[in-house]
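Shown next, in structure tokens, is the structure this report addresses.
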Amino acid sequence: MIDKMLSSIRQEHRLRSLNAGVFHKLVVRGMDFEIHSYEAVDFGRVGTMCASGLLGLVKRDILVISPMEKDVPVITYERVKAFGKDTIMLGRYDMKNDPVYVKKTGRKKQSAEFDQEAIEYVDAYMDEVKQAASANEKERREWTEQLVTQLIEEYQLISDIFMSTYGFKITEKLYHEDLFGSRANK
């Protein structure tokens with residue numbers, strides 16, 4: 001699903017792969033993680049995290065789109081497939097409005113419906129980006145940095161797994177630099 005969503009983004013913006021360094025491939029609590037970070041040219045940052053464990057019985061995907069150059073919200077997509085259940089979580093974080101978070105859980109037979117919803121979510125967002133005004137990049141980075149810190153502290157986007165394994169500083173580096181792009185990769 002992540003590949004299809006990235007394809008939708010690529011229709012509008014060139015994605016330049018960034019080095020995720022030590023975070024590219026990890027094993028944490030028996031789960032294999034693969035993390036990618038992209039610069040969306042003239043737009044912002046796109047981060048992905050795909051995890052699987054228990055011989056493929058558990059899969060978890062995350063997509064984060066963080067605009068730095070456009071005045072649109074940060075959006076997140078999180079998907080968990082485990083033991084016949086499918087859960088989709090869509091987040092929208094705006095500088096001017098309260099966050100909007102939608103969570104739906106269903107059975108495996110609803111996966112195609114959730115896939116379609118995810119693609120429509122990204123496509124609608126990319127249409128919104130086309131109409132968006134330019135943003136103050138410094139202001140966007142500062143706001144996104146505060147948002148990321150809050151998400152980590154509230155254990156959202158599975159930050160709890162990384163916090164308990166690596167601690168706050170390393171988790172913060174992963175989320176700020178690779179997933180959200182609120183700080184430059186070091």
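Treating each Cα of the range 54-100 as one equal point scatterer and applying the Debye formula with no solvent, the log10 of I(q)/I(0) at q = 0.17, 0.20, 0.30 Å⁻¹ comes out as -0.58, -0.69, -1.05. Cβ-Cβ distance of Arg10 and Asp98, R₀ of 25 Å, FRET efficiency by 1/(1 + (r/R0)^6): the value works out to about 0.25. Picking from Val28, Ser66, Ser111, whose Cα lies most toward the positive end of the charge dipole for the range 2-135 (charges on Cβ: Lys, Arg +1; Asp, Glu -1)? After comparing all options, I get Val28.
Taking the average, over residues, of other Cβ atoms within 10 Å as the packing measure, peptides 25-37, 126-138 rank 25-37, 126-138 from highest down.
Computed from phi, the 3J(HN,Hα) profile of the range 109-117 under the Karplus parametrisation 6.51, -1.76, 1.60 (θ = phi - 60°) reads 5, 8, 4, 4, 5, 5, 4, 4, 4 Hz, with x in place of Gly and Pro. Summarising the amide proton neighbourhood of Val58: residues at separation of 5 or more, or on other chains, whose placed amide H is nearer than 5 Å comprise Gly53. Overall, the chain carries a charge dipole of about 620 debye about its Cα centre when +1 sits on the Cβ of Lys and Arg and -1 on the Cβ of Asp and Glu, all other atoms neutral. Compared with the alpha-carbon gap, the fully stretched path from Ala132 to Ala112 is longer by 4.2 nm at 0.36 nm per residue. Between Glu139 and Thr87, the FRET efficiency from the beta-carbon distance, with R0 = 25 Å, is close to 0.15. Dipole of the chain computed with +1 at Lys/Arg Cβ and -1 at Asp/Glu Cβ about the Cα centre; of Met126, Met95, Ser159, farthest Cα towards the positive end is Ser159. Legend: calculated FRET efficiency, Met31 to Gln146, from the Cβ-Cβ distance at R0 = 45 Å, rounded to 0.05, equals 0.95.
Couplings for the range 83-95, taken from phi via the Karplus curve 6.51 cos²θ - 1.76 cosθ + 1.60 with θ = phi - 60°, read 6, x, 9, 9, 10, 10, 10, 10, x, 9, 10, 10, 5 Hz in order; Gly and Pro are left as x.
The numbers here are math on the coordinates, done by the rules we state, and not lab data. Just so it is clear, the model here is predicted, and its values are computed rather than measured. Please note: Cβ atoms are built from the backbone with ideal geometry, for glycine as well, and neighbour counts cover all protein chains shown.
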